[in-house]
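Worksheet: the structure to be examined is printed underneath.
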Amino acid sequence: MEFILITLGMLALLIGVLLVVGHYYPASSADLVDWKPTRSPQVEAENEVADVQQMLDAQNQMRRRRGVPERNEQELRDEVAAEEIERLRNDPSAF
């Protein structure tokens, strides 16, 4: 029984030391592991805009085949905003 208590105590001490060192470490966690993002936030935003445009173009191509009027980006943004407002109304915990 003493062995188990000593082992658990050592494990708790080790975790405690790691938490204290992590709390007082002056740099960020990313610096600790030398992590750098692969793309800048600007490139991510440009990719997002390009993705939306590609999806809208593909949707409009299908709408032309069906004979339905095309949509523009503003209509799409308005629809997304309306759906988001409706989702927030139905889910008060989302705030």
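Restricting the range 31-44 to residues that are aliphatic (A, V, I, L, M) and modelled with pLDDT of 75 or more, the residue that is surrounded by the fewest Cβ atoms within 10 Å (Cβ to Cβ) is VAL33. LEU56 falls short of the stated requirement of being modelled with pLDDT of 95 or more and of a type in the set (A, V, I, L, M).
For the range 14-61, filtering for residues that are assigned to a loop (DSSP other than H, G, I, E, B) and of a type in the set (Gly, Ala, Ser) leaves 3. Residues in the range 63-84 that are loosely packed, with under 10 Cβ neighbours inside 10 Å and in a helix (DSSP H, G or I): ARG65, ARG66, GLN74.
The values are calculated or read from the model by the stated rules, or taken from the named source; none is laboratory data. Everything numeric in this text was worked out from a predicted model, so none of it was measured. Cβ: placed from backbone, ideal geometry, glycine included. Neighbour counts: every protein chain shown.
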